Each structure stands twice: as C-alpha cells, then as structure tokens.
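Just below is one structure, and these are the notes that go with it.
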Amino acid sequence: MAILPILTVPHPLLLQKARPVREDEFGEALAKRLSDMAETMYAAPGVGLAAPQVGDLRRMLVMDATEEKEDDGRREQAKHLQLVVNPEIVERSRDKIRWEEGCLSVPEFWEFFERPRRVRVKYRDALGAHHDEWFEGFPAVVLQHEMDHLEGVVIIDKASRLKRSRYLKKVKKGVIGAESGAEDDEHEGASL
Ligand SMILES: [Zn+2]
C-alpha cells in the first residue's frame with residue numbers, strides 16, 4: 001500500500017479525458033493500484049477519488065460514501081469501500097439532489113450542484129467482474145462527481161466564471177493551502 005500524491009488545479013492532467021481500462025489490465029496489478037488509491041483517499045481524508053487525480057488517465061475510481069444517518073443528530077458513516085472500473089451511467093432519475101461539493105484536487109473550494117438523485121451504473125471491479133447497481137443520494141453525488149473527473153471536468157469548471165477565475169487567481173498567488181483547516185470547518189461536506 002502506498003499513499004499517492006494528489007494533483008490539484010491547475011494541473012493539466014486533471015483536464016484530460018481518461019481512457020477505458022483494457023481487458024488485459026484487469027487483475028492483481030490493477031487491484032493494487034486501486035487499493036493505493038483507496039488508502040490515499042482515506043488519508044486525505046476524502047470520500048471519493050478518481051484515477052486522474054493521481055495522474056492515472058484510466059477510467060476508474062474509488063469511493064466510500066455510505067449514506068449518512070442522522071438518527072440522533074449525529075452523522076454516522078459505515079465503511080463501505082467501492083472500487084469502480086469503466087463505469088457507465090445507463091439510467092438516471094429525473095428527481096434531483098442538491099449538494100455542496102468539495103474536491104481533493106480543488107482545496108478550499110465549495111459549491112452547490114444539482115445532479116440526478118439516483119443513477120444506475122454498470123461497471124467492472126479490479127478483477128473484471130461485471131456489476132450493475134443503483135446509487136442513490138450522497139453515493140450518487142460522489143459517483144457522478146468522480147465520473148466528471150474521468151471526463152476531465154473539475155468542479156471549478158462547473159462553477160460560475162467569476163468564481164472560477166477568482167479561485168485560480170488565489171491559487172496563483174499561493175493563498176490556497178496557506179491557511180489550512182479553519183475555513184473548512186464551515187463546510188459539512190466531505191471532499192470528493
Ligand atoms: Zn473531485
């Protein structure tokens with residue numbers, strides 16, 4: 001296991017479209033790569049990580065986004081790691097979910113986005129087995145966010161031009177990352 005460096009904007013690899021994992025790539029080496037990605041995600045900490053975020057331009061991602069339960073006002077999150085290779089959304093609900101998203105590749109940036117609340121996804125696992133599964137609520141948000149990464153899309157590209165250029169200016173000046181943590185406490189969401 002190894003923790004991999006996470007690329008942040010404006011790294012050019014984050015803007016590239018990832019290619020499908022080939023049949024001859026499924027197996028132990030791919031499983032090892034995905035478990036390194038999972039370790040990287042948990043260490044960050046984050047709830048999802050797509051391969052392009054660690055400079056690997058293949059269509060795969062890891063996530064652990066079990067729906068939060070708020071029985072006694074507290075949030076609980078059971079560990080439920082999913083390794084998702086070559087995902088394809090084959091059905092989406094008309095019903096939308098609005099969520100404030102953050103991203104490990106876009107530190108200190110948060111924005112509300114609307115996405116389909118339920119998506120049916122066909123994907124492979126590390127050894128190539130086929131899966132067909134509905135994702136709903138927060139897990140659906142995380143999955144769709146990570147799949148945007150596979151298309152070379154990061155959340156600043158989906159935000160307003162003004163917000164995007166303000167953010168990139170701050171990155172250029174080196175302001176981002178300088179004051180760690182404090183501002184993040186205002187946001188309840190996890191980074192994807
Ligand atoms: Zn992200």
Of 27, 48, 174, the most mobile residue in a GNM of the chain (C-alpha springs, cutoff 10 Å) is 174
Computed [θ] at 222 nm, helices only, for the chain once each DSSP H run of length n ≥ 4 contributes -39500 (n - 2.57)
-7500 deg cm²/dmol
Evaluate the Kirkwood expression for the hydrodynamic radius of the chain, namely the inverse of the mean inverse distance over all pairs of different C-alpha atoms, and round to one decimal in Å.
17.1
Less than 11 Å Cβ to Cβ from residue 41, Lys/Arg counted +1 and Asp/Glu -1: what total charge do the surrounding residues give?
-4
Rounded to the nearest 5, the percent of DSSP beta bridges in the chain running antiparallel is 95
Applying the span-like rule to the chain (DSSP H, Cα extent along axis at least 20 Å, Kyte-Doolittle mean at least -0.5) gives 28-43
Too-long pairs where the Cα-Cα distance tops 32 Å, listed order kept, from 17/163; 32/163; 17/79; 79/158; 32/170
32/163; 32/170
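Taken together, the values in this text are just the output of simple stated rules run on the coordinates, not laboratory data. What you see is a predicted model, and the numbers here were worked out from it, not measured in a lab. For neighbour counting, all protein chains shown are included, and Cβ atoms are generated from backbone atoms with ideal geometry for every residue, glycine included.
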